[in-house]
1. Restricting the stretch 59-78 to residues that are more than 11 Å from the ligand (Cβ to nearest atom) and either at negative phi or part of a helix (DSSP H, G or I) (or both), which is most open to solvent (accessible area, probe 1.4 Å)?
2. Starting from the stretch 172-193, take each residue that is outside the structural domain of T208 (by TED's automatic domain parsing) and list its partners that are outside any loop (DSSP other than H, G, I, E, B) and loosely packed, with under 11 Cβ neighbours inside 10 Å, counting only C-beta distances under 8 angstrom and pairs at least six apart or across chains.
3. I'd like the residue in the stretch 262-282 that is among the small types (G, A, S) and surrounded by 20 or more Cβ atoms within 10 Å (Cβ to Cβ) and, out of all such residues, is farthest from A224 (Cα to Cα).
4. When the residues of the stretch 283-320 are filtered to those that are of a type in the set (D, E) and open to solvent by less than 30 Å² (accessible area, probe 1.4 Å), which remaining residue is farthest from A271 (Cα to Cα)?
5. Which residues, counting only those in the stretch 342-364, are within 22 Å of R239 (Cβ to Cβ) and either part of a strand (DSSP E or B) or in contact with a helix residue (DSSP H, G or I) (Cβ under 9 Å, 6 or more places away or on another chain) (or both)?
6. Might you let me know whether the stretch 386-394 holds any residue that is within 16 Å of the ligand (Cβ to nearest atom), under 26 Å from R324 (Cα atoms), open to solvent by less than 70 Å² (accessible area, probe 1.4 Å) and in a loop (DSSP other than H, G, I, E, B)?
7. Run down L225, L253, L261 and say which single residue is outside any loop (DSSP other than H, G, I, E, B) and over 21 Å from F330 (Cα atoms).
8. Run down G144, G127, G135 and say which single residue is among the small types (G, A, S) and buried (at least 21 other Cβ atoms within 10 Å of the Cβ).
Amino acid sequence: MSELEQTLQLLRAALGDAAVLTGAAINPRHHSDWTRHAPACPAALLLPRDTAQVSAALRICNERGQSLVPQGGMTGLAGGAVPRAQDIALSLERLDGIEEIDTAAATMTVRAGTRLERIQQAAAEAGLLFPLDLGARGSCQIGGNIATNAGGNAVIRYGMTRDLVLGLEVVLADGRVLNLLNKMIKNNTGYDLKQCFIGSEGTLGVITRAVLKLAPPPGAQSTALCALPDYAAAVALLRRLQRRLGTPQAYELMWQDFYRLGVSWLETTQAPLAEDYPLYALFDSAATAEALQDALQGAFDDGEVIDAVIAGSQAQARQLWKIREATGEFPNRLQPLNFDVSLPIGRIGDFAERCRQRLDARWPGNRSVYFGHIGDSNLHLTVDCRSLPQPAPILEVEELVYTAVGEMAGSVSAEHGIGLLKREFLHHSVSPEALQVMRQLKLALDPRGILNPGKLFD
Ligand SMILES: Cc1cc2nc3c(=O)[nH]c(=O)nc-3n(C[C@H](O)[C@H](O)[C@H](O)COP(=O)(O)OP(=O)(O)OC[C@H]3O[C@@H](n4cnc5c(N)ncnc54)[C@H](O)[C@@H]3O)c2cc1C
């Protein structure tokens, strides 16, 4: 019997036959994540039902030196959950459900495989808000959100996933269960170990349960789209809104090229604002339309805003957001090479200009579009590979963009993580000393290197 067969026999004995699938019994959605990068059918797929089964699976794999890839909803954009043919995939999908909502503490205790949308709905039903929100909400799992430290639409107001997690239960590579479940806001008792696992992309442990922090629900919201003369005005407007009305729920910036693209894909032909302004800010604010109008008048007077529209209804607000959500159409209408970088907010305008100039100088006629959650210092830029010489020089484009990120003290990943796709570029934003400490941490927690090998580092 092969080594693998022996391992599978032990796993079947511990988890039951129905929780250990192989070959054609494995649904192809476990072969790759949203990137469709390097799809491979894993040697087996494990479907544990509880923490004890996850622990048994890890103990067996660790003893036998068998590599294992944790999988959540497979919506990741960095290849973090993509297995190789020799790996065993461990899906958390059967470990789902909400265990408790504590309205006094404003916390929710959930199992790792619970879909984000379900958590949002349960919080709303309890009169509270779980503020993490992203386009993949219907498919991604909270365990995956925590493992990637996901960002999304409301970071400017509520922070990243890291800021929304109070406690965790994690199974270590050797099968030990680490109970870090905690409901307190303040708890200074040595190293805050849960932070090691948040954003670790399945390389340090398997998250099985979490205590989430809930917020009061937002009241009525106003949405506005403003045309701006330059990047400095975008930052000035954000700071004005914060001073006058409190931090917006979302603050998105679109450069002219992105705005034109988004408008051209709308079902209506009518653009809400003319298409020849340099930049457009779209934001949601908890202020009334009157208070918002008042704040915007000041911005007009000071030349920060050239033109603006305030949504008069929820339907109009949704229509304005559709322009920003044109990114959902990218895979269908472009051949997108997407970047998710972050820079100090004051430098994002210069960075976009620098990238555009270098791309244009190297590949005249190429098409790149710029947009982002600039209130979170996060810029997305997309290069349409159809506008490049063929075959598209992807590595060269990546090197060009990430070199500019390094020069401006930015980060090669703002919110999507490193996974497989950005491994080669990590050095542009992480020092050799910091990388060495990351490797030491990995070695301490996973000495046999069974957890998600090849992700984050070689
Ligand atoms: C349409 C769309 C919109 C998106 N928008 C955003 C956005 O705005 N902001 C953003 O940050 N991301 C966004 N994403 C990316 C993605 O949704 C997030 O990264 C999400 O957090 C991944 O969750 P998942 O359950 O799908 O994880 P997966 O893709 O299954 O896994 C991601 C990583 O987490 C690890 N992992 C998964 N579960 C566990 C666990 N229980 N324990 C340990 N490790 C685990 C995997 O090994 C892998 O490394 C978007 C994706 C799509 C498709």
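The values are calculated or read from the model by the stated rules, or taken from the named source; none is laboratory data. The shown structure was predicted, so the numbers you read here are calculated from the model rather than taken from an experiment. Using ideal geometry, Cβ is built from the backbone for each residue, glycine included, and neighbour counts are taken over all protein chains shown. To get the accessible areas, we keep the full protein, side chains included, count just its heavy atoms, and leave off ligands, DNA and RNA. Shrake-Rupley method; radii C 1.70, N 1.55, O 1.52, S 1.80 Å.
1. We begin by selecting, within the stretch 59-78, every residue more than 11 Å from the ligand (Cβ to nearest atom); these are 59-67.
Next, only the ones that are either at negative phi or part of a helix (DSSP H, G or I) (or both) stay: 59-64, 66-67.
Values: R59: 102, I60: 12, C61: 0, N62: 25, E63: 121, R64: 70, Q66: 22, S67: 16 Å².
Here the residue is E63.
2. Hits for this filter: zero, empty list.
3. Our first condition is that a residue be among the small types (G, A, S); within the stretch 262-282, this holds for 262, 264, 271, 274, 281.
Pick out the ones that are also surrounded by 20 or more Cβ atoms within 10 Å (Cβ to Cβ) and you get 262, 281.
Values: G262: 16, A281: 8 Å.
So the residue we want is G262.
4. E304
5. S342, L343, I345, G346, I348, G349, D350, F351, A352, E353
6. no
7. L225
8. Numbers: G127 fails: buried (at least 21 other Cβ atoms within 10 Å of the Cβ); G135 fails: buried (at least 21 other Cβ atoms within 10 Å of the Cβ).
It is G144.
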